[in-house]
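S.K.: Structure below; questions to follow.
Values quoted throughout were computed directly from the atomic coordinates according to the rules given, and no laboratory measurement underlies them. Predicted model, so just to flag it, every value in this text is computed and none were measured. Cβ atoms come from the backbone with ideal geometry, glycine included; neighbour counts cover every protein chain shown.
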Amino acid sequence: RSGSTQNMSANIKVVVRVRPSNEREMEMNNRIVVDVVDDRMLVFDPKEEVPAFFYQGVQQPNKNFLKRANKELKFVFDHVCGPNATNQDVFEMTTKDILTSLMEGYNCSVFVYGATGAGKTFTMIGNQQHPGITYLTMEHLFYTINSFGTDREFDIGVSYIEVYNENVYDLLKPSSTPLQLREDAKYGVMVAGMTLNNIKTARELLNMLENGNKNRTQHPTDANAESSRSHAVFQVYVKMRYKTSSQLRIVKLSMIDLAGSERASATGCVGDRFKEGANINKSLLSLGNCINKLADGSSYIPYRDSKLTRLLKDSLGGNCKTVMIANVSPSSISYEDTYNTLKYAARANKI
Ligand code: ADP
Ligand code: MG
C-alpha cells in the first residue's frame with residue numbers, strides 16, 4: 001500500500017443503512033435478502049432454511065431444484081446500521097466526527113447513495129418527528145461553535161442546489177435558468193448567483209430544507225412514481241475569523257442526496273427521460289471514478305468529467321473527510337438494486 005492510499009483510507013468512511021420493510025413489500029410476500037450480522041457485517045442473499053418434507057415418516061429429497069442457489073455474500077463496512085437504527089444513530093456513526101476536521105480547516109463531504117425508495121432522503125432530510133442527519137449535523141455544528149469560546153468569530157452561510165441533467169439550479173430560489181460554476185480565491189468552487197442564507201440556529205434550517213426539497217426536479221417514470229433524478233447538494237460555508245490575528249478562513253461542508261442509482265434501462269425510459277438517466281449515470285459514474293482514483297493514489301483525478309465532481313473538486317481527496325452512506329431496502333423485490341449498491345459501497349470501502 002502506498003502512503004497516499006493509507007492516507008485516503010483514513011479519510012473515507014463507508015456506512016450501509018438497511019431500512020425496515022414497508023407495507024407494500026410485506027404484502028408482496030417478499031423475502032428478506034439482507035441479514036445484518038453485527039455493526040460491521042451483513043450477509044446479502046443468505047441461505048434459507050428449507051423446511052424438511054416428510055412422506056410416511058421418511059424425509060424426502062428437496063424437490064425445489066429450479067430455485068437458484070443463494071449467493072450468501074458477506075460484506076464488511078466501517079459500520080452497518082440495521083432496520084431499527086434511528087436517524088440519530090446514523091448521525092452518531094457518520095457525520096458527528098467530521099466536524100472536528102471541519103473546525104481544523106478541512107472541507108468535508110457526505111453522500112447518500114442508493115436506488116430510489118432505499119431511504120436516502122429520509123436519512124438526509126427526514127421529517128419533523130425524525131429530523132435527518134443534515135439537521136442533526138447542523139445542530140452539532142452550532143453546539144461546537146458555541147463551545148469554542150471567544151477566540152474565533154463564526155459566520156454560517158447555507159446553500160441548497162440541485163444538479164439535474166448536468167445543469168445546476170438553486171433550490172432556495174427556483175428558476176429555470178441554470179447557474180454557472182466558478183472558482184473563487186476565498187470560497188473555492190462556487191456557484192455564481194446562488195442563494196447563500198445566513199443562519200444562526202439549526203431550527204432555521206427545517207423549513208428551508210423542506211421547501212427546497214419540494215423544488216427538486218422529479219419526474220414520474222414507469223418504475224417508480226417518486227423517482228428522483230436530481231442530485232441535491234446542501235452546502236455549509238463556515239467563515240472563521242480569528243480575533244487575535246483577524247485572519248479569515250472559510251471551510252465547506254457538502255451533504256449530497258444523490259439521484260437514484262437504479263439503471264436507466266430498468267425504468268423503460270426513452271427520449272428526454274432517457275437522456276436524464278444517461279446524465280445521472282455520468283455524474284454517479286464519474287463520482288465513483290474519482291473516488292477509485294483517489295484510492296489508487298493517482299495523481300490525475302478526473303473531476304472535470306461531470307458537473308457534480310467539478311462542484312465537489314475541493315471537497316474530495318487531499319485532507320478532506322468523506323462519508324458515504326449506502327441505503328438499501330431489505331426486500332427481495334429490490335434484489336438487483338441492493339446487490340449493485342452493496343458492490344458500489346464495497347469498492348469505496350476497499351479504499
Ligand atoms: P429515496 O430518497 O432513497 O428515494 P426515501 O428516503 O424517500 O427514499 O424513502 C422511501 C420511503 O421509505 C419514504 O416514505 C420514507 O419515509 C421511508 N423510509 C425510508 N427509510 C426509512 C427508515 N429508516 N425508517 C422508516 N421509514 C423509512
Ligand atoms: Mg429521495
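S.K.: Please compute the volume of the convex hull spanned by the alpha-carbon atoms of the stretch 287-351 and report it per residue in Å³. Walk me through the numbers before you get to the answer.
M.R.: Details: hull volume 6.2 nm³, N = 65.
For the stretch 287-351, the hull spanned by Cα atoms encloses 95 Å³ per residue.
S.K.: Check which residues have an amide H placed less than 5 Å from GLY188's amide H, if you skip close sequence neighbours.
M.R.: Hits under the 5 Å cutoff: none.
S.K.: Any chance you could run the full-extension gain for LYS71 through GLU104? It's 0.36 nm times the residue separation minus the Cα-Cα distance, nm to one decimal. Walk me through the numbers before you get to the answer.
M.R.: Working: separation 33, 0.36 × 33 = 11.88 nm, distance 4.41 nm.
Full extension of this stretch gives 7.5 nm more.
S.K.: List the residues whose amide H sits under 5 Å from the amide H of ARG17, counting only those 5 or more places along or on another chain, with H placed 1.01 Å from N in the peptide plane.
M.R.: Amide H to amide H, under 5 Å and 5 or more residues apart or across chains, ARG17 pairs with CYS81, ALA326, ASN327, VAL328.
S.K.: Still on this structure, I have one more. Let's see if you can work this out: charge +1 on each Lys and Arg Cβ, -1 on each Asp and Glu Cβ, no other charges. What is the dipole magnitude of the chain about its Cα centre, in debye to the nearest 20?
M.R.: My answer is approximately 820 debye.
S.K.: Please work out the FRET efficiency for the pair LYS47 and THR150, using the Cβ-Cβ distance as r and a Förster radius of 41 Å; give the result to the nearest 0.05. If you can, show how the numbers build up before the last one.
M.R.: Values: r = 60 Å, r/R0 = 1.47.
After rounding, the FRET efficiency stands at 0.10.
S.K.: Let me know the charge dipole size of the stretch 130-172 about its Cα centre in debye, to the nearest 20, where only the beta-carbon of Lys, Arg (+1) and Asp, Glu (-1) is charged.
M.R.: For this selection, approximately 160 debye.
S.K.: Can you give me the long-range amide H partners of VAL110? Hydrogens built in the peptide plane at 1.01 Å from N, cutoff under 5 Å, separation of 5 or more residues or another chain.
M.R.: SER254, MET255, ILE256, VAL323
S.K.: Write down the percent of antiparallel bridges among all DSSP beta bridges whose residues are both part of the chain, to the nearest 5.
M.R.: Around 70 percent antiparallel, to the nearest 5.
S.K.: Sticking with this structure for a sec: Can you list the HN-Hα couplings for the stretch 93-104, worked out from phi with the Karplus curve (6.51, -1.76, 1.60; θ = phi - 60°), rounded to whole Hz and with x for Gly and Pro?
M.R.: Computed from phi, the couplings for the stretch 93-104 are 8, 10, 8, 3, 6, 5, 5, 4, 4, 4, 5, 7 Hz.
S.K.: Quick one: 3J(HN,Hα) in Hz for the stretch 291-298, Karplus 6.51/-1.76/1.60 with θ = phi - 60°, rounded, Gly and Pro as x.
M.R.: 5, 4, 5, 4, 5, 6, x, 4
S.K.: Give me the extension gain from ARG347 to GLU166: residue separation times 0.36 nm, minus the current Cα-Cα distance, reported in nm with one decimal.
M.R.: Between ARG347 and GLU166, full extension yields an extra 62.7 nm.
S.K.: Of the cross-linked pairs LYS120/LYS321; LYS120/LYS282; LYS13/LYS71; LYS13/LYS343, which ones have a Cα-Cα span greater than 22 Å in the structure shown?
M.R.: Check vs 22 Å cut-off fails for LYS13/LYS71.
S.K.: May I pose another question? What fraction, in whole percent, of alpha-carbon pairs in the stretch 87-224 exceed 19 Å separation?
M.R.: 59
S.K.: Which whole-Hz couplings ³J(HN,Hα) result when phi for each residue of the stretch 194-205 is put into the Karplus expression 6.51 cos²θ - 1.76 cosθ + 1.60, θ = phi - 60°, listed in order with x for Gly and Pro?
M.R.: Ordered by residue, 3J(HN,Hα) equals 6, 6, 10, 8, 7, 10, 10, 9, 5, 3, 4, 6 Hz.
S.K.: Starting from the exponent 0.38 and prefactor 2.2 Å, build the expected Rg for the stretch 60-141 from its residue count and divide its actual Cα Rg by it.
M.R.: Normalised by 2.2 N^0.38 Å, the Cα Rg of the stretch 60-141 equals 1.59.
S.K.: Where does the chain land at 222 nm, in deg cm²/dmol rounded to the nearest 500, when only DSSP H runs of n ≥ 4 count, each adding -39500 (n - 2.57), divided by all residues?
M.R.: -9000 deg cm²/dmol
S.K.: I'm a student and want to see the number: the projected area of the Cα convex hull of the chain, averaged over all directions, in nm².
M.R.: Working: hull surface 85.1 nm².
Spelled out: convex hull of the Cα atoms, projected over all directions, averaged, 21.3 nm².
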